[in-house]
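The next block holds one structure in the form of structure tokens; read it before the comments.
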Amino acid sequence: MYTVKPDGSIECLTAKEAIDLQRLIQSTRIEPRPTSRGQPAKQPIDGDESAPEIAKQLEQYNGTEISSAQLMPIIGAKSSSGVGSRLYHLQNRIPLSEHVKLTKHRDKKGVVTWKVKLL
């Protein structure tokens, strides 16, 4: 038997009771709330980027290398040092890799360039 204290904490008398209570709590998972159409709500994409629009903007650079500063406004990065993390974020949210392949290159001085290849 367990006891709920006034501060909201739970006290169990035995270890077995504590383990059983923990399993019960962990087994009850909250499902995403469905939308009016009955489908789970999608997370919004920052700035409503879409892969075809980004690919269209990168079309002029196909087969060339561009700097992080050039790539920054196209993908919506806040600084040139944030281009890599922004690309990672975009690839997890939209199917960017189906349209564009961006390969990172770093020279001896540490300057990063990106090889653009449209698919």
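The values are calculated or read from the model by the stated rules, or taken from the named source; none is laboratory data. Model, not experiment: these values are computed from the prediction. Note that each Cβ is placed from the backbone with ideal geometry, even for glycine, and that neighbours are counted across all protein chains shown.
Total residues in the stretch 54-74 satisfying the condition of being part of a helix (DSSP H, G or I) and over 13 Å from residue 104 (Cβ atoms): the figure is 13.
Taking the criterion of being over 14 Å from residue 114 (Cβ atoms) and either modelled with pLDDT of 80 or more or surrounded by 11 or more Cβ atoms within 10 Å (Cβ to Cβ) (or both), the residues of the stretch 60-96 that qualify are 76, 78, 79, 89, 93, 94, 95. Residue count for the stretch 98-119, restricted to those that are β-branched (Val, Ile, Thr) and in a loop (DSSP other than H, G, I, E, B): 1.
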